[in-house]
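S.K.: Okay, here's the structure, questions in a sec.
The values are calculated or read from the model by the stated rules, or taken from the named source; none is laboratory data. The model shown is predicted, which means the values in this text are computed figures rather than measured ones. Here the Cβ positions follow ideal geometry from the backbone for every residue, glycine too, while neighbour counts run over all protein chains shown.
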């Protein structure tokens, strides 16, 4: 955002954080799977999942505990980027010439995106004892959910007929919508439902080991 001439905010000529919000999802695509890959894989590999299961906790409480711990860590990684907001705010001409509403919406969208990716990462971690496999699987699933539906909507037999429907199934469409600064409850509900779906998938994955 500050070094490369093509994307540097200092050379762009406009007071905007678009570069940050454009590249952050792609960084999250690798960062969040790295955070979540040990959630259950390490427990399954070392056998401590049985010890954890003997505690007076339900499986859902264990899953939500690991999920919200990872979400908190993702939120913690976003906090330092507020320095970027302050810097662009100060560099604007006139000072403060920055669309704060769009920036707040983009931050909210980025947090919801991170929470969605976290649910995918926790789910992938419950599928394998191998940390590398869990990481690669999480990256693959996050990529499909973020960019795969947009690519799918461009296929000849879908484009012009069901392209909007297919795009709405993916994360990117809803992330871009919130990033415009308009907080639509449909987009928020999408992210909540998306995360809930993969959390339930994690629960089923763990329960299947008892069958």
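S.K.: Only one of these conditions is not met by residue 33: (1) exposed (fewer than 15 other Cβ atoms within 10 Å of the Cβ); (2) outside any loop (DSSP other than H, G, I, E, B). Which number is it?
M.R.: The number of the failed condition is (1).
S.K.: Go through the residues of the stretch 36-55 one by one and say whether even a single one is surrounded by fewer than 20 Cβ atoms within 10 Å (Cβ to Cβ) and either more than 24 Å from residue 200 (Cα to Cα) or within 19 Å of the chain's Cα centre (by Cα) (or both).
M.R.: Yes, some residue in the stretch 36-55 is surrounded by fewer than 20 Cβ atoms within 10 Å (Cβ to Cβ) and either more than 24 Å from residue 200 (Cα to Cα) or within 19 Å of the chain's Cα centre (by Cα) (or both).
S.K.: Next question. It is to be established whether one or more residues within the stretch 68-76 are without any contact (Cβ under 8 Å) to a residue 24 or more places away in the chain and outside any helix (DSSP H, G or I). Show your work before the answer.
M.R.: Within the stretch 68-76, the first condition is being without any contact (Cβ under 8 Å) to a residue 24 or more places away in the chain, and the residues that meet it are 68-69, 72, 76.
From what's left, outside any helix (DSSP H, G or I): none.
Within the stretch 68-76 (the criterion being without any contact (Cβ under 8 Å) to a residue 24 or more places away in the chain and outside any helix (DSSP H, G or I)), the answer is no, since none of the residues qualifies.
S.K.: Okay, next question. Working only within the stretch 48-67, note down all residues that are modelled with pLDDT of 80 or more and in a helix (DSSP H, G or I).
M.R.: 59, 60, 61, 62, 63, 64, 65, 66, 67, listed by residue number.
S.K.: Of the residues in the stretch 74-95, how many are surrounded by 14 or more Cβ atoms within 10 Å (Cβ to Cβ) and closer than 13 Å to residue 1 by Cβ?
M.R.: Of the residues in that region, 5 qualify.
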